[in-house]
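Trainee: Before I ask anything, here is the structure I am working with.
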Amino acid sequence: MPKCWSLSTTIRNPERNIPFLRVLAEFEGEVFTEEVQAAFFKRLIQTKNYKPTGLPFDIVAKYEEPEEFTDEELEQILNLIHYKNSQYDNQEQIYAFRGRTAVGNLNKMGMAIAREAIGTVTITPLGREILSGSPNFENIFLRYCLKWQLPNPAESGYHGFNIIPFIATLHVINKVNELWSNEGNKPVGLSKEEFALFIPVLTHYKDIEKTAENIINFRKTIRTLDANDARIYVDNCFRETVIRVFELDKNDEFNITKKINNLYDYGDSAIRYFRQTNLLYYRGAGRYIDLSPTRIVEIQKILETYDGSAKHFENINTYLEYMADINQPILPWEDLESLEKVYINLIDTAINLQNAIEQNYKGQS
């Protein structure tokens, strides 16, 4: 049973979803059997959208060429790679497993339905818009992040979860900034380390405020330590967290290290996807992730409208239809009064930026 949440570590760069989707479209209408799953994975390699590790230099160099691999070159690559997985008897089964893994995020985002139990591979209306060549990615990722929740009928094992991770993250950052400001400090959002340690293990919206308080205490403790002691403290916090959350033996160093690395990966992946909404941005030379000042009106509307709790769905079909609907959910600022506030905030931001440029760079081209 999952103890934390993760958006995707298979497709860590959000933009890579599009070429994966384009390859999946070649299999539309086919039942997503193990054979098709394996064929999909092989096509990802052949179209140069997936690069196995450990390939010789001459093959790696060919990834820079625009043409896809020939059937003979693909066969050569498959003969060079040997994946190990004790759950499967042969390479074809492992290819099928990797095909299922590669398609997981396309299912999760509502771009496609590729599940053997449901029927044939289908590219949803959302997926078709993405493949149209002129999609509004900011709108697509924003609506996806506002909708993806745990639990949901399409993903099993999330008993006890009650969270929309993106909305909960906005609430946490907003609360941390408020508490940090009350301490007399300039709000900076969350450091990448704070994000990895506290955000993926936040599984219930009722724990948002407690999580924010824990982050503040964590941050204040670090400030009292020198660099070496601070590093030891951070490492110990990660260690204690994974032992507690994943119920590990404190002497199981292999799994402790693995889970700590997982938290860093999950945090990194979530930041990459959440930033696609343009509601979050990097600051402090990329060390912190914070609420975007140019979108503060929209963010406040989200915080006022949603508490981060998950919705109820009758069955998997209603959930998948909801995820695939580009017009869902209705954005809480899509009214005249809110749009006027958005406009005024953007104008004020532009004027302040112009004044700062003139003050700091006067007389320079």
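The values are calculated or read from the model by the stated rules, or taken from the named source; none is laboratory data. Here the structure is a predicted model, which means the values were calculated and not measured. Virtual Cβ from ideal backbone geometry, glycine too; neighbours counted across all protein chains shown. For the accessible areas, the whole protein counts, side chains as well, though only heavy atoms, and no ligand, DNA or RNA atoms are used. Shrake-Rupley method; radii C 1.70, N 1.55, O 1.52, S 1.80 Å.
Trainee: In region 222-242, which residues are exposed (fewer than 14 other Cβ atoms within 10 Å of the Cβ) and either hydroxyl-bearing (Ser, Thr, Tyr) or on the phi > 0 side of the Ramachandran plot (or both)?
Mentor: Scanning region 222-242 gives a single hit, THR224.
Trainee: Do you know which residues across region 162-199 are of a type in the set (Asp, Glu) and either open to solvent by less than 40 Å² (accessible area, probe 1.4 Å) or in a helix (DSSP H, G or I) (or both)?
Mentor: GLU178, GLU193, GLU194
Trainee: Quick check on this structure: which one of ASP89, ASP71 is out of contact with any Phe, Trp or Tyr (no Cβ under 7 Å at 6 or more places or on another chain), modelled with pLDDT of 95 or more and surrounded by fewer than 21 Cβ atoms within 10 Å (Cβ to Cβ)?
Mentor: Checking each option against the conditions leaves just ASP71.
Trainee: Now a separate question. Could you please give the count of residues in region 36-50 that are open to solvent by less than 10 Å² (accessible area, probe 1.4 Å), closer than 11 Å to LEU78 by Cα and of a type in the set (S, T, N, Q)?
Mentor: Qualifying residue count, region 36-50: 0.
Trainee: Going by the conditions given, is THR53 farther than 28 Å from LEU150 by Cβ, of a type in the set (Ser, Thr, Tyr), modelled with pLDDT under 95 and open to solvent by 10 Å² or more (accessible area, probe 1.4 Å)?
Mentor: yes
Trainee: How many residues are over 27 Å from TYR144 (Cα atoms) and of a type outside the set (A, V, I, L, M, F, W, C) if we restrict to region 230-288?
Mentor: Residues that pass the stated criteria total 18.
Trainee: While we're looking at this one, here's another question. Which one is modelled with the lowest pLDDT, of the residues in region 329-339 that are open to solvent by 100 Å² or more (accessible area, probe 1.4 Å) and assigned to a helix (DSSP H, G or I)?
Mentor: Per the criteria, the residue is LEU336.
Trainee: Next up: Could you check, for region 128-143, whether at least one of its residues is open to solvent by 10 Å² or more (accessible area, probe 1.4 Å), touching a residue at least 40 places away in the same chain (Cβ under 8 Å) and in a loop (DSSP other than H, G, I, E, B)?
Mentor: no
Condition check ((1) free of Cβ contacts under 8 Å to residues at least 12 places away in the same chain; (2) farther than 21 Å from TYR205 by Cβ; (3) open to solvent by less than 60 Å² (accessible area, probe 1.4 Å); (4) more than 21 Å from the chain's Cα centre (by Cα)) across all residues:
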| residue | (1), (2), (3), (4) |
| --- | --- |
| LYS258 | yes, yes, no, no |
| GLN276 | no, yes, yes, no |
| ARG287 | no, yes, no, no |
| SER292 | no, yes, yes, no |
| LEU303 | no, no, yes, no |
| ASN315 | no, yes, no, yes |
| ILE326 | no, yes, yes, no |
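Trainee: Same structure again: Can you confirm whether region 53-75 contains a residue that is closer than 24 Å to TYR273 by Cβ, out of contact with any Cys (no Cβ under 7 Å at 6 or more places or on another chain) and not in a helix (DSSP H, G or I)?
Mentor: Yes.
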